[in-house]
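Notes for the one structure printed next.
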Amino acid sequence: MKSAIEVNRRRFLASATALSALTLVRPASLLAQSGSREFCAFGKPLQFLSYDELADLLAERGFNGVEATVREGGHVLPERVEQDLPRLHSALKKRGLDITVMASGINGVDSPHAEKVLRTAAGLGVKRYRMLWYQYDLKMPILEQLEALRPKVEKLTALNRKLGLTALYQNHAGDKIVGAPIWDIYSVIKDFDPKEIALAYDVRHAVVEGGLSWPIQFNLVRAHLGAVFVKDFAWEKGKVKNVPLGEGAVDKSVFAQLKEMKFPGPFSVHVEYLGNSKDQTAILDAIVKDLKTLKSWLA
């Protein structure tokens, strides 16, 4: 008897194929329609797919690549990176796609498997990886903790320089996370070459933490932008609720500024409002819908 997961997976692939017949456009044509911008999808909700199935799906939906999870519990496990990352890379390349961003568990040269993961990625032509965030000890002075991060970041950027990689630090909402107010992580990375470490600007988290002041923070860091993570949220009874792009508090004017800057991306689409949903059709619909909204805001 087939498992429920296998049945759902087959239904999902069937619905994807049916939708492809209606919407399939060559990836190169889609890229031309969007100028030179890069669009990728965060691969976490699609880890139930094989590498070839993932590549087919993203190519047919107008993406240029994937934000691939290469971390504990990811689509590629760090301990198997030398075997599995080339397989993922090959599957994507067959469809003209890239590993646009590698979502890693690395925030220093001493992180588990750090050098092996980064060397393998660089050898395949991967250019960017998302870092694991740093956390504060709120019993200790904040500025002293930021200063203590500089040597750690300096060692990591030296390795990035050697390998030709860019580390992307994601701003993330939270009361203990370095980068939540944005100015703090900027104070650490601003003196480093943005080709070696830059900001993955998360529009959802920026507005959660920035409220009305997010434009100030955005303008502070715009010279160090390395990627933009795209998602939305709404306030519900004092709590944050993730919602589809365009249905929440994220101000689309930030995308007008990115357009004016001629920022090429990558733009990574996250559909966190689905939570841990196993409804593969819903995942497909959400990714397609949010990409359409994003492209309309950049048009």
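The values are calculated or read from the model by the stated rules, or taken from the named source; none is laboratory data. Keep in mind the model is a prediction, meaning the values are calculated, not measured. When we count neighbours, we look across all protein chains shown, and the Cβ atoms used for this are built from the backbone with ideal geometry, even at glycine.
Points to keep in mind about this one:
- Search result, residues across the stretch 125-152 that are surrounded by 15 or more Cβ atoms within 10 Å (Cβ to Cβ), free of Cβ contacts under 8 Å to residues at least 60 places away in the same chain and of a type in the set (D, E, K, R): K127, K152
- Residues of the stretch 226-277 that turn out to be small (G, A, S) and in contact with a strand residue (DSSP E or B) (Cβ under 7 Å, 6 or more places away or on another chain), as a count: 8
- Scope the stretch 116-148; condition part of a helix (DSSP H, G or I), within 25 Å of P266 (Cβ to Cβ) and either touching a helix residue (DSSP H, G or I) at 6+ places or on another chain (Cβ under 7 Å) or modelled with pLDDT under 95 (or both); matching residues: K116, V117, L118, R119, T120, A121, A122
- A residue that is buried (at least 20 other Cβ atoms within 10 Å of the Cβ), among the hydroxyl-bearing types (S, T, Y) and touching a strand residue (DSSP E or B) at 6+ places or on another chain (Cβ under 8 Å) occurs nowhere in the stretch 106-122.
- The listed residues are K195, K162, and the only one of them that is under 19 Å from L118 (Cβ atoms), outside any loop (DSSP other than H, G, I, E, B) and not hydrophobic (A, V, I, L, M, F, W, C) turns out to be K162.
- If you filter the stretch 180-224 down to residues that are in contact with a Leu (Cβ under 8 Å, 6 or more places away or on another chain), crowded, with 20+ Cβ neighbours inside 10 Å and small (G, A, S), you find that the one that is nearest to F255 (Cα to Cα) is A200.
- When residues in the stretch 69-105 are screened for being under 13 Å from K44 (Cβ atoms), aliphatic (A, V, I, L, M) and without any contact (Cβ under 8 Å) to a residue 24 or more places away in the chain, 1 of them pass.
- Of all residues in the stretch 260-281 being under 20 Å from G246 (Cα atoms) and among the small types (G, A, S), the one that is surrounded by the fewest Cβ atoms within 10 Å (Cβ to Cβ): G275
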